[in-house]
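Peer 1: Handing you a structure now.
The values are calculated or read from the model by the stated rules, or taken from the named source; none is laboratory data. This is a predicted model, so every value here is computed, not measured. As a convention, Cβ positions derive from the backbone with ideal geometry for all residues, glycine included, and neighbour counts pool all protein chains shown. Just the protein is used for accessible areas: all its heavy atoms, side chains included, with ligands, DNA and RNA removed. Shrake-Rupley method; radii C 1.70, N 1.55, O 1.52, S 1.80 Å.
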Amino acid sequence: IGEITGVACHSTNISERNRLEKEKIESAERFRAVVQNGSDLIFILDSNYSPNYISPSAVSLLGYETGLLGESLLEIVHPESLDLVLKSIRRTVSQRTVNIEEIKIKNKQGEWLWIEATIDNLLDNEAVGGLVVNARDITEYKRREVERELLIKELTRSNNDLMQFSFITSHNLRAPLSNIKGLLDFFDRSVLDTETSTVIEMIDASTQKLSETIRDLSQILIIRNTSEIPTNWLDIAQVFHRVN
């Protein structure tokens with residue numbers, strides 16, 4: 001009695017479990033490193049849209065720090081963007097992931113910033129338990145887009161003004177120019193003295209050049225208003241001769 005007659009041993013191989021736990025920890029650390037050091041703005045919201053997590057990049061851009069925690073993220077959404085955001089959140093119930101192209105949110109200084117975002121509904125995921133908002137700041141892009149639109153409008157206005165000026169110039173000069181040419185043709189140059197005849201010839205030459213200029217203006221108007229521009233051979237020697 002009291003003697004040990006045998007030993008029963010039971011062991012379990014936990015290598016696989018340890019490996020999985022290690023991979024899980026490493027995966028979580030990689031995810032944390034990406035989130036902490038990434039440029040994307042990341043929010044995790046509860047069912048009341050209150051942020052449970054704000055990435056450092058979002059804190060840096062918006063300036064709210066922990067002051068935003070506990071408040072509804074919708075409070076910083078522009079009224080014009082609020083309906084779109086609410087509809088997008090509701091769509092995540094069926095679609096899981098929803099993209100929002102452009103919305104405006106307000107930073108701590110009261111400035112409105114443009115962002116584009118993706119909302120993932122992970123409320124039923126035990127590890128997350130929230131709505132994950134992954135956003136990107138596009139304020140600078142929108143600023144350049146507005147500047148580009150303003151520039152296009154200004155160029156269009158200037159182009160229209162130039163075309164109107166060309167139209168008025170070419171058409172309003174035709175009648176007086178025709179009158180001058182008619183008066184010149186009225187003269188009997190055979191009875192004019194040499195000096196007067198020379199002056200008439202100079203006026204005639206100037207009238208001819210003015211007529212060519214008006215014709216060129218009219219041609220420019222035609223070209224500017226025609227999608228298909230005809231091409232012709234150009235006699236360079238003739239052009240040089242006219243210039244001289």
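Peer 1: Between residues in the range 192-205 that are within 22 Å of P176 (Cβ to Cβ) and residues that are surrounded by 11 or more Cβ atoms within 10 Å (Cβ to Cβ), which pairs lie under 7 Å by C-beta distance while being six or more apart or on different chains?
Peer 2: Going by the 7 Å Cβ cut-off, the qualifying pairs are I200/L184; I200/F187; I200/R189; I200/L192; I203/L184; D204/L184.
For every residue, the table says whether it meets (1) open to solvent by 100 Å² or more (accessible area, probe 1.4 Å); (2) modelled with pLDDT under 80; (3) at positive phi.
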| site | (1), (2), (3) |
| --- | --- |
| K181 | no, no, no |
| V199 | no, no, no |
| A205 | no, no, no |
| I223 | no, yes, no |
| T226 | no, yes, no |
| R242 | yes, yes, no |
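Peer 1: Which residues, taken from the range 153-163, are open to solvent by less than 100 Å² (accessible area, probe 1.4 Å) and either more than 44 Å from the chain's Cα centre (by Cα) or not acidic (D, E) (or both)?
Peer 2: T156, S158, N159, N160, L162, M163 - these are the residues of the range 153-163 that are open to solvent by less than 100 Å² (accessible area, probe 1.4 Å) and either more than 44 Å from the chain's Cα centre (by Cα) or not acidic (D, E) (or both).
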